[in-house]
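Just so it is clear, none of the values below were taken in a lab; they were calculated from the coordinates. All of these numbers come straight from a predicted model, not from anything done at the bench. Cβ atoms come from the backbone with ideal geometry, glycine included; neighbour counts cover every protein chain shown.
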Amino acid sequence: MHGVVLLCVVGSWWTQYGDPELNRIVEKALKQNVDLQSSAQRIAEARALTGDAKSKLGPTVSGTGSAQRLRGGFAQGIVRIPNPSGAQQSGSFVSPFETGLFQGGLDMKWELDFFGSNRAGLAAARADVAAAEQTREDLAITVSAEAARYYISLRGIEDRIAILKRNIATQQELLELTEDRVKAGIASQLDIERQRTLLANTEATMPGLESDRSLHRNRLAVLVGEETFTVSDGGTLTTPALNPNLPSELLKRRPDVRAAEARLAAAMQRLKQARTDLYPKVTLNGLVGRQGTSLGSFSLGGGNFFNIGPQLQLPIFNSGRIKSNIALNDARVEQEKLAYRNEILTAFEEAANAIAAMERQKEREAKLAAASASAQTSLELSSDLQRAGVNDFLSVLDAQRGLLDADYQRAAARTQVLIESVALYKALAGGWPN
């Protein structure tokens, strides 16, 4: 149930990348992430506190009952008159005795909220619920963005592994070709050793990439709330179109901004509640019941009792406690005002940084694509010239290293463009500046 709500709140922005595996991972994370489940319990806690605050607006009625065995009974209003037999008696008019005493009734207490203390407490509790809900929405956006970021990074690592494998295969073929040329007497053993060195260095890069791939898969497992998680092959990731315009209303809808606003509202209500302590409190008390010396005597009308009336409590001297509490809540209001202001500034900063970073990465990717094409051409020309005896083998090695570096950087730049787009989605709370 909570997962469905979250999908509606943060929007399915991840579907813009056109990768069904990314969709599956993000949606599973929103439904199963442990942090999100904990956040849902914090909302339940805040709602329970709201019910407690709401109960203070109405009366409380409790049932009472007691059964006692007593001697005398003067405090309870029970007396026993001696038998008027005419015999001469001395001492008290009331004779000592032992008897049972059974009581049952209803006790009522109702604080009449003339100055709005309990109403302010209820408003503060409701604002706390709103803040908890917005905090959970913000966490949902963070979780979805983290799942997307790690998946995109994983795909980038896999791209670099594929590039590495292609280069290893090419370098292995060139090593075998060089060995044949040495046998034919048209190349030297030095050329073989140089090619072997380049191949070994290239192969040494593979374990680090495979380790990074495992780390990313493990992190995705944690995000989706599973001990082990298998990532299937996905489609081609497409970078969403970018409009550099940044409407401010998109930033104001961010859950962290709305949560800060709700916390400010709660602090203001608690300040109002603290100020009501300066005024009298009026409580209406009531009690009704019956009492008797046996269970059967409950039916007698003489055992009825009741009382009802208001109770006034007026603060006269409290050693400055009320004023200190007011000052405390006033300071908290000012803190929440500054926190709200800071959330807005942070939202603008994150969005502006994400847009700038994405634009720069797209420019970098375009230049690296051109560099990769040139490096491929350079390798082909160097190999042809080396076979023709015009260039030495060092030019071929340099061309191989240049192609591997260019392909690597191009793949990394493309991955970074996608990651920056995820950061922009997160900064805009799942929105996009159309």
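Details
- FRET efficiency for residue 60 and residue 15, using Cβ-Cβ distance with R0 set to 60 Å, rounded to 0.05: 0.70
- Listed pairs 337/426; 28/362; 54/272; 54/337; 56/272 exceeding 18 Å between Cα atoms: 337/426; 28/362; 54/337
- Based on the Stokes-Einstein relation at 25 °C and a viscosity of 0.890 mPa s, and on the Kirkwood radius from alpha carbon pairs, segment 150-259 is assigned a translational diffusion coefficient of 133 µm²/s.
- Stokes-Einstein D in µm²/s, Kirkwood radius over Cα pairs - segment 300-361 at 25 °C with 0.890 mPa s viscosity: 137
- Proximal aspartates and glutamates to residue 252, defined as alpha-carbon separation beneath 12 angstrom and excluding residues fewer than eight positions away on the same chain: 261, 343
- Annotation note: chymotrypsin sites (Phe, Trp or Tyr not before Pro) in segment 282-383 located in DSSP loop regions with a Cβ neighbour count of at most 13 within 10 Å are 317.
- A full extension of the chain between residue 230 and residue 317 corresponds to an added length of 24.5 nm, given 0.36 nm per residue minus the alpha carbon distance.
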